[in-house]
1. Filter region 94-111 down to the residues that are of a type outside the set (D, E, K, R) and under 15 Å from Gln12 (Cα atoms), then identify the one that is modelled with the lowest pLDDT.
2. Which of the residues belonging to region 1-55 are in contact with a Ser or Thr (Cβ under 6 Å, 6 or more places away or on another chain) and loosely packed, with under 12 Cβ neighbours inside 10 Å?
3. Could you check how many residues of region 31-62 are touching a residue at least 12 places away in the same chain (Cβ under 8 Å) and farther than 17 Å from Val2 by Cβ?
4. I'd like to check something: does region 66-83 contain any residue that is at pLDDT below 85 and within 21 Å of Val2 (Cα to Cα)?
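The values are calculated or read from the model by the stated rules, or taken from the named source; none is laboratory data. None of these values were measured; they are calculated from a predicted model. Here the Cβ positions follow ideal geometry from the backbone for every residue, glycine too, while neighbour counts run over all protein chains shown.
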Amino acid sequence: MVERTGRPGYLQIADDLRQQIRDGRLAAGQALPSTARLREEYDVSAGVVKAAISVLRTEGAVIGQQGKGVFVRDQADAPPSVQAAPATGEDDVAMKQLTEVLTAIRDLGERVARIERAVFPEPPRAGQSGK
């Protein structure tokens, strides 16, 4: 389940799936669970699940196959920019810049989430009065 931490839900899901790939619970070549199953598991909308998978696709961790699903990518098949390789000179600078951009995006997502909570407070739950 996605927690109300201020961190966008799609990033929480991407983090969780990424960790499952790292520790082998999702192996190379294995299909990710369906969007419907991920929606149930994390209690989110299909759009949130799709955004999380999009993050993993952009990182090169997974690859989609039209009509078949999304599969964990074998690290050996990943593009050179995604493969873990010793960085040298220009690569170090590019990786540092990429890390800074990703950090800025994550921070921006957290700021937007805080603003949304302030502007759109949660409605009262069923059985509770709004006062």
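1. Thr103
2. The first filter runs over region 1-55 and keeps only residues in contact with a Ser or Thr (Cβ under 6 Å, 6 or more places away or on another chain), leaving 46, 49.
The one that is in contact with a Ser or Thr (Cβ under 6 Å, 6 or more places away or on another chain) and loosely packed, with under 12 Cβ neighbours inside 10 Å: Ala46.
3. So the answer is 7.
4. no
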